[in-house]
Amino acid sequence: MIHPTRASSLDRQRAASREHYEETYRRFVLFDLAADMDFGFFLAYYRNFGVPSLAKALEATGEIRSRPQKRSYDTAIVIYEIISGGFESDRGQAMVSLLRNVHKNVPGSNEDFVYVLMTLLVVPIRWVDQRGWRPALDVERQAAVDFFFELGTRMGLKDIPQDFVRAESFLDKYEGNHVEESQAGLSLMQATLEVLRQRLPLPLQPLTKHLLAAMLADERLSFALGLPRTSKLAATSLDFIMKLRAWVSSKRPLRTAPRFKPGLSGSSQYPDGYSLGDLGPLKR
């Protein structure tokens, strides 16, 4: 038995209509599976480093190597701002404009940028399905697809998958064709490992690389990122910890306040909050 507040929210999500996809996805990300989706977005961020052309483009900006924590948290905050406020809100529109401006001079094909979008769509939901207190509902998957289709369309992208099966297929095929080790990818990975280490409990911090490899559960990607082969002990330990966490979470009341609060949710990067002008590359 799950906690009554979780059961109530689950019933509400099941009854959601597709036309209200923004609210369905908002509730999924900010309330029902908030902690799991947060970490799923974090894992999605790393996958870009495994594609040499994307890693080279990211390294060329100098942002990740010089300010790895800012780049990592800014990426998440921009997406959360849009999820929280919606596409038609002033803050949501400002964040879409920021994404367009930041990426307009970044080399890459339409396929490359759709891939980045698909990591944000597919990877967190896969993580939820494997590690969350419950898997995503079909209506939540479609809401996520519709959200990122709208985001990609507003960014000027074409040929964006419009259902979750196609989104997964696109991501898997792209990675099968492009993921491999590169100097740029290894450099970016090394620069950002500290950000992940700081998110882990102190006793686990020395095992950051091993745990990340186990979380990614993708040997080819782990090799491309310079991570160790996942040991049976690491995989078994992670599985036990996450199953226990999921069981405990299911028995607790569902959060009543959203995980993200615009202008305030910046973690250690913005301890006193942030303005929208703080996000993105530093102004030169």
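Just checking, how many residues over the stretch 159-193 are assigned to a helix (DSSP H, G or I) and surrounded by 14 or more Cβ atoms within 10 Å (Cβ to Cβ)?
19
I'm trying to understand the selection: among the residues of the stretch 132-145, which are in a helix (DSSP H, G or I) and touching a Lys or Arg at 6+ places or on another chain (Cβ under 8 Å)? Before you say what the answer is, go through the steps one by one.
Initially, the stretch 132-145 is screened for residues in a helix (DSSP H, G or I), giving 138-145.
Answer for the stretch 132-145, where residues must be in a helix (DSSP H, G or I) and touching a Lys or Arg at 6+ places or on another chain (Cβ under 8 Å): 139, 142, 143.
Where helices (runs of 4 or more DSSP H) sit wholly within the stretch 1-65, those with at least 1 residues that are of a type in the set (S, T, N, Q) occupy 4-14, 21-27, 52-61. One residue stands out in the stretch 194-214 among those that are in contact with a Pro (Cβ under 7 Å, 6 or more places away or on another chain) and among the aliphatic types (A, V, I, L, M): the one that is surrounded by the most Cβ atoms within 10 Å (Cβ to Cβ), namely 213. Residue count for the stretch 21-71 satisfying the condition of being touching a residue at least 12 places away in the same chain (Cβ under 8 Å) and farther than 30 Å from residue 183 by Cα: 15.
Just one of the listed residues (111, 88) is among the acidic types (Asp, Glu) and in a loop (DSSP other than H, G, I, E, B), and it is 88.
Reported count of residues in the stretch 176-212, each being in contact (Cβ under 8 Å) with a residue 60 or more places away in the chain and within 22 Å of residue 36 (Cβ to Cβ), is 6.
Within the stretch 81-102, work out how many residues are among the hydroxyl-bearing types (Ser, Thr, Tyr) and more than 19 Å from residue 30 (Cα to Cα). Total satisfying the criteria: 1.
Take the residues in the stretch 103-114 that are in contact (Cβ under 8 Å) with a residue 12 or more places away in the chain and in contact with a Ser or Thr (Cβ under 9 Å, 6 or more places away or on another chain); name whichever of them is nearest to residue 31 (Cα to Cα).
Residues of the stretch 103-114 that are in contact (Cβ under 8 Å) with a residue 12 or more places away in the chain, as a first pass: 103, 106-108, 110-114.
Remaining after also requiring in contact with a Ser or Thr (Cβ under 9 Å, 6 or more places away or on another chain): 106-108, 112.
Working: 106: 34, 107: 36, 108: 34, 112: 31 Å.
The residue in question is 112.
How about the stretch 229-252: which of its residues are loosely packed, with under 13 Cβ neighbours inside 10 Å and among the charged types (D, E, K, R)? If the condition is that a residue be loosely packed, with under 13 Cβ neighbours inside 10 Å and among the charged types (D, E, K, R), then 229, 232, 243, 251, 252 are the ones that fit.
Within the bounds of the stretch 215-227, is there any residue that is surrounded by 14 or more Cβ atoms within 10 Å (Cβ to Cβ) and closer than 12 Å to residue 118 by Cβ? No - not one qualifying residue is present in the stretch 215-227. In the set (1) without any contact (Cβ under 8 Å) to a residue 60 or more places away in the chain; (2) farther than 18 Å from residue 135 by Cβ; (3) aliphatic (A, V, I, L, M), residue 7 fails one condition alone, (2). Can residue 141 be described as crowded, with 21+ Cβ neighbours inside 10 Å, charged (D, E, K, R) and out of contact with any His (no Cβ under 9 Å at 6 or more places or on another chain)? Yes: the conditions hold for residue 141. Name the single residue that is farthest from residue 258 (Cα to Cα) among those in the stretch 73-102 being among the charged types (D, E, K, R) and either in contact (Cβ under 8 Å) with a residue 60 or more places away in the chain or touching an Asp or Glu at 6+ places or on another chain (Cβ under 6 Å) (or both). Once the filter is applied, the top-ranked residue is 74.
Selection over the stretch 213-231 of residues that are closer than 20 Å to residue 203 by Cβ, part of a helix (DSSP H, G or I) and free of Cβ contacts under 8 Å to residues at least 60 places away in the same chain gives a count of 2.
The single condition among (1) surrounded by fewer than 20 Cβ atoms within 10 Å (Cβ to Cβ); (2) in contact with a helix residue (DSSP H, G or I) (Cβ under 7 Å, 6 or more places away or on another chain); (3) within 20 Å of residue 82 (Cβ to Cβ) that residue 9 does not satisfy is (3).
We did not get these values from a lab; they are worked out from the coordinates using the rules stated. Computed from a predicted model, the values in this text were never measured in an experiment. Reconstructed Cβ throughout: ideal geometry from the backbone, glycine too, with neighbour counts over all protein chains shown.
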